[in-house]
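Chemist: I am attaching a structure below and will ask some questions about it afterwards.
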């Protein structure tokens, strides 16, 4: 009963948001022009993406780090790319967090790990984005802004970090997003483990790979890196990793390679 009441209330709020706070035409067209991997989608998908991005902006809170100012242009650029993975899954998949922290460029984070002997090691890590369970999501505007050009080599920081958000919906960053049932999970594990093992072998052997070698760091990074290529260079992923492409197409309920081929 309570869930039905909440769903009805959210639906009314969303309808009001879409009427009163829709992304302006000029700003939406500018966003599509900057990011061809968005513009190449079917018209019906772009209409749905615009609505999702509008609702995303109403539900999330943007903060600029170290004086960085968040303009409408910046917020819409992030929202449009972040909503692409949940075009079919729905925006509720992002309900686990609210905050998005924007930096002008990459940042250096101080890390600390303890090895098996109990010795603490400190090191610096350069970040262009980071997703933490429960939020916030951190992004570098420099990398977000240049996503139209970086799509050529399969790089997209927004999709990467929001893939991590989807991965962590079940409480674990393990390369396995929240799936419908046990059978779906078992199939996912069979495919992604085999693909990950093969990919790591290729990276270790020094072979050129369409996926960023960073994906060999861990299986959760492999899922995020594969998701980037799935959305911004889908034909390449389908050609090099057909089983992985099929797995992601089933999860995201999208076939971007086919959609782009029709353009």
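Chemist: Round to the nearest 10 and give me the degree value, 0 to 90, for the angle of helix 182-204's Cα axis relative to the longest principal axis of the chain.
Modeler: 60 degrees
Chemist: If you count, for each residue, the other Cβ atoms within 10 Å and average over each peptide, how do 135-144, 178-187, 235-244, 80-89 line up from highest to lowest?
Modeler: Top to bottom by mean Cβ count within 10 Å: 80-89, 135-144, 235-244, 178-187.
Chemist: Turning to a different aspect of this structure: Among rounded, prolate and oblate, which fits segment 1-105 when a ≥ b ≥ c are the square roots of the eigenvalues of its C-alpha gyration tensor, a/c under 1.5 means rounded, and a/b larger than b/c means prolate?
Modeler: Judged from the Cα gyration tensor, segment 1-105 comes out oblate (a/c at least 1.5, b/c at or above a/b).
Chemist: What is the ratio of the Cα radius of gyration of segment 41-175 to 2.2 N^0.38 Å, with N the residue count, to two decimals?
Modeler: Against the compact-globule rule of thumb, the ratio is 1.13.
Chemist: Oh, and also: Taking the DSSP beta bridges in segment 2-261 as the whole, what percent of them are antiparallel, to the nearest 5?
Modeler: So the antiparallel bridges amount to about 60 percent of the total.
Chemist: Share of Cα-Cα pairs in the chain beyond 32 Å, in percent?
Modeler: Summing the P(r) tail past 32 Å for the chain gives 23 percent.
Chemist: Most fluctuating residue of 220, 208, 170 in a GNM of the chain with Cα springs under 10 Å: which is it?
Modeler: Highest fluctuation of the listed residues: 208.
Chemist: How many angstrom separate the Cα center of segment 170-204 from the Cα center of segment 214-263?
Modeler: 13 Å
Chemist: Taking the chain as a Gaussian network, where each spring joins two C-alpha atoms under 10 Å apart, which residue of 194, 173, 39 fluctuates the most?
Modeler: 194
Chemist: Could you bin all the Cα-Cα distances of segment 91-247 into 5 Å bins starting at 0 and give me the percent of pairs in each, rounded to whole numbers?
Modeler: 2, 9, 15, 20, 20, 17, 11, 5, 1, 0
Chemist: If you take the beta carbon distance between residue 106 and residue 48 as r and set R0 to 30 Å, what does 1/(1 + (r/R0)^6) give as a FRET efficiency, to the nearest 0.05?
Modeler: So the FRET efficiency works out to roughly 0.40.
Taken together, the values in this text are just the output of simple stated rules run on the coordinates, not laboratory data. Treat the numbers as computed from the prediction; the structure is a model and nothing was measured. For neighbour counting, all protein chains shown are included, and Cβ atoms are generated from backbone atoms with ideal geometry for every residue, glycine included.
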